[in-house]
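The values are calculated or read from the model by the stated rules, or taken from the named source; none is laboratory data. These figures come from a predicted structure and were not determined experimentally. Here Cβ is always computed from backbone atoms with ideal geometry, including for glycine, and neighbour counts include all displayed protein chains. Just so you know, the surface numbers come from the protein's heavy atoms only, side chains and all, with ligands and any DNA or RNA stripped out. Shrake-Rupley method; radii C 1.70, N 1.55, O 1.52, S 1.80 Å.
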Amino acid sequence: MASNNTPEEIPVSRLLLEEIELDLLIEGLYRTYDYDFRHYSRASLMRRILAMLQQENLDSISQLQALALHDVRWAKKLIRQITVTYTEMFRDPEVFLLLRNKVSPILASYPFLRIWHVGVATGEEVYTMAIMLSEIQQYRHAIIYATDINSESLQQAQEGIYPLGKIQQYTKNYLAAGGTEDFSKYYVARFGAAAFDASLKENITFALHNLITDSSFNVFNLILCRNVTIYFDEVLTKRVHEILYDSLELQGILVLGDKENLLGSPYADRYKSIDRNLSVYQKIA
Ligand SMILES: C[S@@+](CC[C@H](N)C(=O)[O-])C[C@H]1O[C@@H](n2cnc3c(N)ncnc32)[C@H](O)[C@@H]1O
């Protein structure tokens, strides 16, 4: 039966309104700019967008929607806000210690070592890999792809220049990850920034790759996809795992983030775990 209520009589809670506005915003971004966030984790999306309202002094998600749909600069800002690009060099040092000590002997047998960093953000993770591989004499035969959906962060990754203020933490991480050199030999400090040695990126290709729309583009011996699917829902996580499985050679190694695992993978039983706590797996079938 149709309701006789006029709109002003319908009690719509603020929370419900925000849910509706979020749907409209996500749909608008998709239809206007082809950015598809429909399968990002709802809770994370809402948190990031409400935080943006506060930072930008906006009253509602609808106000943000109008700005983003009519002005590409706002759209870019919003997309940056949604795609969380936080990262560190030697993030979770124990993972890189494990790769160095336990995984590298497996990788050393390949004449060429193909590596893919999925969701590399501003690049710290791939420079970490380059440094580690050069210390264990495996960089020369490595072919590394570093990809992300976010073109701005990828540009920063390509430059390899990071705030000097972060170097103390990175040096600490490097040592905890088994680094054997003086970390300062890898960068030049200038005007408050650390520019990493260009030789580290000789074997790295930086490229746009969207896990929602793009598929597997090569097969790899080692894939790192860390802290990416935590922002996705089950549907998208499953898709990512299909791409990862298709992109990994038999006996290849998969490294996920510390809060990620194979539960969302339709291929979970085709991996064995090398270290469950560190989310490091090997494809066995
Ligand atoms: C939190 S960062 C992780 C960086 C690094 N892997 C680490 O663990 O330190 C997540 C990255 O995933 C990227 N990302 C988000 N959605 C994506 C998508 N659909 N396709 C590819 N990358 C995506 C973001 O742009 C961001 O750079």
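Structural remarks
Here is a yes/no grid of residues against (1) open to solvent by 50 Å² or more (accessible area, probe 1.4 Å); (2) more than 16 Å from the ligand (Cβ to nearest atom):
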site	(1), (2)
Tyr174	no, no
Thr180	yes, yes
Arg190	yes, yes
Asn221	no, yes
Leu224	no, no
Tyr231	yes, no
Thr237	no, no
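- The one condition in (1) out of contact with any Lys or Arg (no Cβ under 7 Å at 6 or more places or on another chain); (2) open to solvent by 60 Å² or more (accessible area, probe 1.4 Å) that Ser247 fails to fulfil: (2)
- Residues of the range 192-213 satisfying the condition of being within 16 Å of the ligand (Cβ to nearest atom) and open to solvent by 60 Å² or more (accessible area, probe 1.4 Å): Thr205, Leu208, Thr213
- If you filter the range 115-149 down to residues that are open to solvent by less than 10 Å² (accessible area, probe 1.4 Å) and farther than 17 Å from Ile223 by Cβ, you find that the one that is farthest from the ligand (Cβ to nearest atom) is Ile131.
- The residues in the range 57-71 that are open to solvent by less than 80 Å² (accessible area, probe 1.4 Å) and farther than 21 Å from Glu19 by Cβ can be counted, and the count is 1.
- Output for the range 98-114, where each listed residue is basic (Lys, Arg) and open to solvent by less than 60 Å² (accessible area, probe 1.4 Å): Arg100, Arg114
- Hey, Gly257 touching a helix residue (DSSP H, G or I) at 6+ places or on another chain (Cβ under 9 Å), within 23 Å of Ser153 (Cα to Cα) and open to solvent by less than 60 Å² (accessible area, probe 1.4 Å) or not: yes
- Within the span defined as the range 163-170, every residue fails to be free of Cβ contacts under 8 Å to residues at least 60 places away in the same chain and within 15 Å of the ligand (Cβ to nearest atom).
Residues are listed down the side, and each one gets a yes or a no for (1) within 24 Å of Glu94 (Cβ to Cβ); (2) of a type in the set (Gly, Ala, Ser):
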| position | (1), (2) |
| --- | --- |
| Ile167 | yes, no |
| Thr171 | yes, no |
| Thr180 | yes, no |
| Lys185 | yes, no |
| Val188 | no, no |
| Ala194 | yes, yes |
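- Residue count for the range 132-161, restricted to those that are assigned to a loop (DSSP other than H, G, I, E, B) and hydroxyl-bearing (Ser, Thr, Tyr): 1
- Selection from the range 265-278 of residues that are surrounded by 15 or more Cβ atoms within 10 Å (Cβ to Cβ), without any contact (Cβ under 8 Å) to a residue 40 or more places away in the chain, outside any strand (DSSP E or B) and not charged (D, E, K, R): Ser265, Tyr267
- Residue in the range 83-97 that is of a type in the set (Asp, Glu), within 15 Å of the ligand (Cβ to nearest atom), under 13 Å from Leu222 (Cβ atoms) and buried (at least 17 other Cβ atoms within 10 Å of the Cβ) present: no
- Among the residues of the range 246-264, the one identified as modelled with pLDDT of 95 or more and more than 26 Å from Asn101 (Cβ to Cβ) is Asp246.
- Taking every residue in the range 119-131 that is part of a helix (DSSP H, G or I) and pairing it with any residue that is open to solvent by less than 10 Å² (accessible area, probe 1.4 Å) and aromatic (Phe, Trp, Tyr), at least 6 positions away or on another chain, the pairs with Cβ-Cβ distances below 7 Å are Glu124/Tyr162; Thr128/Phe90; Thr128/Phe96.
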